[in-house]
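Heads up: the structure comes next, in structure tokens.
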Amino acid sequence: MHVPTRVAAMTEFVDRGLCEVLGEHPGELVRTAAPNILCTVLPAHWRSNKTLPVAFKVVILGEVVDGTAVTIKAGNDENYCGEMRNSTAVIKNQIAKFNDLRFVGRSGRGESKQLLSISIYSNTHV
């Protein structure tokens with residue numbers, strides 16, 4: 001299958017940028033369902049309403065304006081949108097850093113089939 005040159009070049013650029021960022025932070029960042037968004041690895045299990053061991057970060061490989069809001073939501077089969085604290089951050093230099101992100105009560109963390117949703121509120125395409 002032939003891929004147009006422009007698309008192939010863009011795919012190569014994104015893949016190279018992704019590999020470069022992941023290489024700079026081994027074991028710290030993971031891919032998301034979006035090809036140009038990475039996030040911090042979450043612990044496999046974490047107690048309710050406790051601070052995470054490291055600040056949760058969302059790294060965007062595309063161009064996003066500083067000050068763009070990013071919101072995190074967590075859930076599972078029993079609770080599709082659990083309560084969280086400090087779940088909104090703003091982007092600075094393509095990174096949204098969530099200080100003191102907490103999963104409260106039955107937020108979905110530690111349960112089976114957990115889901116973490118990252119929402120980026122921007123007027124530009126990410």
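Just so it is clear, none of the values below were taken in a lab; they were calculated from the coordinates. Computed from a predicted model, the values in this text were never measured in an experiment. Please note: Cβ atoms are built from the backbone with ideal geometry, for glycine as well, and neighbour counts cover all protein chains shown.
As a proxy for reagent exposure, ranking VAL30, VAL104 by other Cβ atoms within 10 Å from fewest up yields VAL30, VAL104.
Across segment 82-89, coupling constants 3J(HN,Hα) worked out from phi with the 6.51/-1.76/1.60 Karplus curve, θ = phi - 60°, read x, 6, 9, 10, 6, 9, 10, 9 Hz, and Gly and Pro carry x.
Counting pairs of alpha carbon atoms under 8 Å apart in space and at least six apart in sequence, what relative contact order in percent does segment 32-84 give?
For segment 32-84, the relative contact order is 29 percent.
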